[in-house]
Amino acid sequence: MVMLVRFWRDKDGRKPVGEYMRALPRSERQKLAAVFQRIQEHGLAAADTRQIDGRLWEIRADAQRAFYVLVSGAEIVVLHACRKKSRRAPAAELALARARMEQVLGRGA
């Protein structure tokens with residue numbers, strides 16, 4: 001494995017990104033899962049990514065977006081995922097991803 005891809009967990013141990021993916025139509029779920037698999041096997045260069053700001057990044061898989069933070073050279077934590085509905089990610093979606101990133105990096109509640 002080149003990279004470890006983990007999903008963010010809330011205080012109750014739930015993984016909202018996993019729940020989101022399970023609710024997707026099968027073809028969309030498979031596309032997003034395939035991107036995570038490629039990252040695990042070949043690194044981030046195998047995915048369509050872009051920096052949002054600071055340490056917050058986005059993975060693109062067709063209409064799906066997954067926001068993540070790189071926590072070490074070989075590990076990312078997927079913080080949040082949503083469907084892209086417009087040119088820019090909604091502020092509320094980014095705020096949620098940023099809040100989770102702060103928790104992962106030890107700077108939040």
Least to most buried among M21, M101 (fewest other Cβ within 10 Å first)
M21, M101
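Helix-derived [θ] at 222 nm for the chain: sum -39500 (n - 2.57) over DSSP H runs of at least 4, divide by residue count, nearest 500?
It lands at -11500 deg cm²/dmol.
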Which links in K15/K84; K31/K84; K11/K85 stretch past 23 Å when you go from one Cα to the other?
K11/K85
Using a cut-off of under 15 Å, list every residue of the range 56-70 whose amide N is near the label point 7 Å from the Cα of R83 along the Cα-to-beta-carbon line.
61-66
Hey, got the dipole for the chain? About the Cα centre, +1 on K and R Cβ, -1 on D and E Cβ, debye to the nearest 20?
320 debye
Gyration tensor (alpha-carbon) shape descriptor, the chain, a/c threshold 1.5
rounded
May I ask you to derive the FRET efficiency for D10 and D62 from their Cβ-Cβ distance with R0 = 25 Å, giving the value to the nearest 0.05?
0.40
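Throughout, read-outs are computed from the coordinates displayed, never taken from laboratory work. Remember, predicted model here, so these are calculated numbers, not experimental data. Methodologically, a virtual Cβ is constructed for each residue, glycine included, from the backbone with ideal geometry; neighbour enumeration extends over all protein chains shown.
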